[in-house]
Amino acid sequence: MQDQLPESSEIAWQTLYAALDFDQGQQQARWADEVERRLKENGMTYQAHTQSQQALRQGRLDVVPYLMDEGTFATLSAGLIQRVRLFEAILADIYGPRQLLADGTLPPNLVFANPEYVIQSHGLELKTPWIGFLAHDLLLDANGQWRVLGCSTRAPAGLGYALERRMIMSRVMGYLLRQLSVKRLSGFFRTLRGLLRDESHTDELSILLSPGQQSDSYFEHAFLANYLDFTLAEGDDLTVRGGRLMLKTLSGLRPVSGVMRRVPDHDLDPLEMHGFSRQGTPGLMEVVRQGRVRMANVPGAGVIDSPLWMGRFERLCERLLGETLLLPSVAAWWLGDADEHAQAMAIWPAILVRHASVFPSGPSYVVADLSAEAQAALQQRIAADPAQWVAWEAVQIAETQVAQGTERIAAHGVVRLYTAQGLDRTVEVMPGGLAACNRDFRWAQLRPNMPELYKDIWVMGAEPDNQASILAEKEAPVLGSHDQSMTPSRVADAMFWLGRYVERCDSLTRVLRECLLGLIDVRLDRQQAGIWLLRYLTPVETDVPASVIAEIHRVFFTPGGAQSFSELVDAIMRNARATPDYLSDDAWRALVNLEQLIARANQIRADDPGRLLDQIEAVLMQLASFSGLNNDTMSRTFANRFMDIGRHLERASRTLVLLHYGYQTLTPQHANEWEMILEVTDTVMTYRRRYRTRLHPVAILDLLLLDEETPRAIGYLASRIERQVASLPVQQLGGRKTQLQRLGFGLHAHVQMIQVDELMTAYGAAKKPLFEQLTGLVNQLSGLSEAITLAYFSHADVPQQLLKASR
């Protein structure tokens, strides 16, 4: 492709290749390794993937950038700005007076059969652009002519990945960017942020609306929201009150004035669109109609993404703007038109075919690569509904060089550039983007969203670009404490359950470790103690150690089982991914390692308990590593407090249930079983140091129930829960905070009022009030958990006790 560039760009390519070829090409290989390592680190930081999701991030990053001179970029910018103006005019007409349909310029099927046409948007009177953000795919043919392949209104459409890859290239090859005067991207992001944030009140929020962590591009959403300082939100995080879109936060409902969305149009509002969708928010379309929220992009704008428009923009530009289209589209035939259908069939099978689904993700085919049977089946599909298909003759795309070890080979690239439109309708083109490369030029243009690799696009200026990064703007920082109560309720909910599931996994690991240690012991009484402890978790019908170990393997190490480790780790990862900005890189590494350990443990055979025990020990150490890292690195925000409360509620509940089981089934003579209880609660050394006697049920109860200095004792846990609940946010909760404080205080006071001698005999036998007390404490913990959920996560009223009317 460098053959197409002017002399100044030839010098730039020579400079680049000289740097890459240093040390006989080893510099290129070293940089490629460094780029790949940083990509993996970013994926871990922003929860793009765990081991099971690695394949979702399509295409690696080529260390050889795609160079573009300033003159070429200016030409492309003028053409793309004109296209945005054209698209605005088309959308204003088809959702307004529909003159293009009335005079026959557009066939009705082209609009009304389009799956992205949104009838609910008809008649919108917008004060903002239809298209605040747009991605454009272009290709350079072998004759040096730029053509537009398609566009995508579905924000962020790879913008987050483009930003991420530029940051990585800047860190790895920063001096080259400065030497080649590569333009910075921050000005474009300021325009994009300004569309959703300018003229907003100080208490109004801008959000990035994501379908959630099940989306393949969730990494991109988290990365971009963090960069733009937007709140990453999902449909369930939002509600409509008083005609305003509101975000559910810990301090109540906060107004939202700007939305950058990845949720598809038809999923935005279950009241007016897809009624079963959970990705949107009921009532959102009415807020859009009232002009009380700015959205990039407005629902219905996606109608222009369809490949059915290919080849029609030239006439529309002359009709609507009175101008010649500066950047022509790839010449294509709409198969819903009889004449165009005949032209396409005349050169069959030397064509590319795409369905009308949203560009570029719809079904698409290189017809010549299909078998005769597959070609016949495709023709039948087209004949059944020709209006939904478009075809074109493959364009021979100019070559570009990509790295392969210490060498470079030829490939073909489709360039993706981005435009942003401000409130004043000024359009800015981002001086950079991504080039999607494939060695087959046909697939490069047919599926640009599934490349073999990506290139970072470097737009070179005449002089160095000194524009400041958006992360280092020269505004005065806001000093003082941060308003943590703006944390979305969903994030706090996820942190709360992350704490609970981590503690649940920790508890299960400790119990199974003691079970296995007992079962592989040569002493019969230790084996029986291990079986007794296992029955705390699951029913066991046999007393044969080998059979019991097989049962442990079946119940806890078979993926998909209700009590399995894999289910617990899935729950941990699911909640962790919902908190993109609250866990450190090291904490994420600990979670990824935990997932890998469980996967290896699931592969161990049931007749190898020694290896199984080693793996359980490793899991326990990884859980301890995660907890320690959070204690050392996580800011003491409200999100941290909810995780802490969740963990200690879970620990207290499980300790109480274990005590209930132990005192109900054991006598003072069951020394091995009592020791296992102390091992599970990690208090053996504390017991020996404090009581200096043989194991006695009364002393064990005193330690595990009342002590306020032992981290796994109920007294300590109740005291910590009370303190953490008292420090939760108060705004807009009315009297509910006081009630939560009462519940926390009541739990701690209940424990402090317990007298062990009223619950146990001097000989160590449990009295009936002991079980009543343990059950009562479990119920109090459950009530406190429910009250926290109602007050902070679901924004419902905490049930209040009604006063009895006096007679």
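The values are calculated or read from the model by the stated rules, or taken from the named source; none is laboratory data. On a predicted model such as this, the values are computed, not experimentally measured, just so you know. Because the Cβ atoms are built from the backbone with ideal geometry, glycine has one as well, and the counts that use them run over all protein chains shown. In case anyone asks, the SASA skips ligands and DNA or RNA and just uses the protein heavy atoms, side chains included. Shrake-Rupley method; radii C 1.70, N 1.55, O 1.52, S 1.80 Å.
Observations
- Positive-pole candidate from 445, 770, 400, dipole of the chain, charges at beta carbon: 770
- log₁₀ of I(q)/I(0) at q = 0.10, 0.15, 0.16 Å⁻¹ - the stretch 181-270, Debye sum with one point per alpha carbon: -0.28, -0.61, -0.68
- Cα shape, the stretch 339-422, gyration tensor, a/c 1.5 rule: oblate
- Considering only alpha-carbon pairs that sit under 8 angstrom and 6 or more positions apart, the relative contact order computed for the stretch 491-634 is 28 percent.
- Simple spin-label estimate for residue 276 and residue 782 in nanometres, 7 Å along Cα-Cβ: 3.3
- Computed with a 1.4 Å probe over protein heavy atoms only, the accessible surface of the chain comes to 41 Å² per residue.
- Cβ-based charge dipole, the stretch 491-634, positive-most Cα from 634, 538, 596: 538
- Antiparallel DSSP beta bridges within the chain, percent to nearest 5: 75
- Value of Rg to Rh for the stretch 517-673 (Rh from inverse mean 1/r over Cα pairs, i.e. Kirkwood): 1.01
- Neighbour count of at most 10 Cβ within 10 Å plus DSSP loop: longest chymotrypsin sites (Phe, Trp or Tyr not before Pro)-free window in the chain: 277-762
- Remark: spin-label model distance residue 586-residue 691 equals 3.7 nm, labels positioned 7 Å along the Cα→Cβ axis.
- With a Förster radius of 51 Å applied to the beta-carbon distance between residue 772 and residue 215, the computed FRET efficiency rounds to 0.55.
- Tensor-based shape of the stretch 84-194 (alpha-carbon gyration tensor, a/c under 1.5 rounded, otherwise prolate or oblate): prolate
- Computed over the chain: relative contact order in percent, which uses C-alpha pairs under 8 Å that are six or more apart: 14
- Net lengthening on full extension, residue 171/residue 614 (0.36 nm per residue, minus Cα-Cα): 155.4 nm
- Rounded to the nearest 20 debye, dipole of the stretch 216-323 from Cβ charges on Lys, Arg, Asp, Glu: 440
- Kirkwood Rh (inverse of mean 1/r, distinct Cα pairs), the stretch 636-794, angstrom: 16.4
- Of the trypsin sites (Lys or Arg not before Pro) found in the stretch 491-540, those that fall in a DSSP loop while having at most 12 other beta-carbon atoms within 10 Å are 523.
- Taking the centroid of alpha carbons for each part, the stretch 387-421 and the stretch 139-171 are 10 Å apart.
- You can think of it this way: the chain between residue 119 and residue 757 has 222.3 nm of extra reach, that is 0.36 nm per residue less the Cα-Cα gap.
- If R0 is taken as 30 Å, the Cβ-Cβ distance between residue 343 and residue 41 corresponds to a FRET efficiency of 0.05.
- Euclidean distance of C-alpha centroids, the stretch 516-586 and the stretch 230-299, integer Å: 42
- The Rg/Rh ratio of the chain, with both radii computed over alpha carbons and Rh defined as the Kirkwood radius, is 1.05.
- Rounded to the nearest 20 debye, dipole of the chain from Cβ charges on Lys, Arg, Asp, Glu: 2260
- Carbon/sulfur fraction of accessible area - the chain, other protein chains in place, 1.4 Å, %: 50
- Each label was represented as a point 7 Å from its Cα along the Cα-to-Cβ direction; for residue 203 and residue 179 these points are 5.5 nm apart.
- Residue (of 509, 686, 107) at the positive-pole extreme of the chain, dipole from beta-carbon charges: 686
- Assigned charges on the beta-carbon of Lys, Arg, Asp, Glu; the stretch 181-224 dipole about Cα centre (debye): 360
- Between residue 631 and residue 602, the FRET efficiency estimated from the beta carbon spacing at R0 = 22 angstrom works out to 0.15.
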